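Undergrad: Below is the structure I would like to discuss, written out as structure tokens.
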Amino acid sequence: MTQRRSTSLGPGRMLGILGHPVAHSASPAMHNAAFAAQGMHALYGAFDVPPPQLEKAIAGIRTLGLLGVNVTIPHKEAVMAYLDEVAPTARQVGAVNTIVNRGGRLIGYNTDGWGFLLSLEERGVRVAGRSAVVLGAGGAARAVALHLGMAGAGRLTIINRSRSRAEFLAADLARAKNPVRAEVADPGSEEARAALSQAGLVVNCTPLGMDPDTESTPLEDVGLLPADAVVYDTIYRPLETRLLREARRRGLITINGVAMLVHQGACAWEYWFGRRGPVDVMRAAALAALEERP
Ligand code: NAP
């Protein structure tokens, strides 16, 4: 008689993403494809959690014995209040995107910045000594700017609509364990033009250009950038934003947000399973999911 494989996952083999809305997330496809490719008996789901339900949802990780979760918009900051421990880097970023359940003790990490750096490394972009401009000063910008600083970026400039938020980020960077000096510039100002004209790397961390506002751009004139600049857009819907399209037409190196999405997911595996996730499988699954639901 052939033995049937149990369909019961058992405790500690279930994971997922908490967000609101979350139905269009590519993460379940990405992680489940990786489990299948590695013959792992685990399942990753999408949990739509409205903000008032966040505390109960976090308690549910313990109650139901989930192995861990990812956290996305709008919960990345608020979730920290409900965890038993927040890792120092996540604390510095001010946001958690990965939670591990260690025997009922919930520990929060942030893999966005780490994933961002790995996505540059895979394209052969050296950060050390490179002048960088970060567009935006929200959660993604905080992770990106902190990790650019940690990786030894040269001059770092933050350009944001609200100057006060950019100044707040610059002050936090200056107080970091390995302090990073960042300048602040208003969009369209002389300071911003000067920083952009010397930038080796420009990273868009605003939603400008994201579906459905695909004709928006955080940078009206990519002609300002040096001919060897790398233009990185953290947006992955659409895969090629107006910013990346204009940069590509100018002959600049472009990187879209799928690279960061995939690497932050692969890095989350380090905390859940003690090893990095299979990046190629995860990328193919994420791209297929994004094509299905652009
Ligand atoms: P957030 O915390 O809300 O920050 C948004 C930032 O964009 C703020 O600096 C905000 O400026 C600026 N902004 C928003 N609307 C703007 C507008 N109309 N004009 C000018 N500036 C505007 O959001 P977030 O979590 O950092 O996410 C930002 C982007 O990063 C999103 O597009 C998201 O898709 C992307 N992201 C990608 C990944 C990935 O894995 N690829 C991971 C995380 C985030 P103010 O300070 O003036 O409000």
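A short reminder: the numbers here are calculations on the coordinates, not readings from a lab. Computed from a prediction, not measured in an experiment: that's the story for all the values here. Cβ placement follows ideal geometry from the backbone for every residue including glycine, while neighbour counts extend to all protein chains displayed.
Undergrad: Highest mean first, how do 145-158, 36-49 rank when packing is the count of other Cβ atoms within 10 Å averaged over residues?
TA: 145-158, 36-49
Undergrad: Between the stretch 236-265 and the stretch 20-97, what is the separation of their alpha carbon centroids in Å?
TA: What the calculation gives is 25 Å, centre to centre.
Undergrad: Could you list which residues have their amide H under 5 Å from that of GLY154, counting only those 5 or more apart in sequence or on another chain, with H placed in the peptide plane?
TA: Close amide H contacts, sequence-distant or interchain: GLY129, ARG130, SER131, ALA132.
Undergrad: I would also like to ask the following. Calculate for the chain the 222 nm mean residue ellipticity that helices alone would give, adding -39,500 (n - 2.57) per DSSP H run of length 4 or more and normalising by residue count, nearest 500 deg cm²/dmol.
TA: -11500 deg cm²/dmol
Undergrad: If packing is taken as the average number of other Cβ atoms within 10 Å across a peptide's residues, how do 273-280, 241-248, 200-207 rank, most packed first?
TA: Order by mean packing, descending: 200-207, 241-248, 273-280.
Undergrad: Compute the separation of the alpha-carbon centres of the stretch 150-217 and the stretch 98-136 and state it in Å as a whole number.
TA: 17 Å
Undergrad: Give, to the nearest whole percent, the P(r) tail of the chain beyond 37 angstrom, counting all Cα pairs.
TA: Within the chain, distances greater than 37 Å cover 14 percent of Cα pairs.
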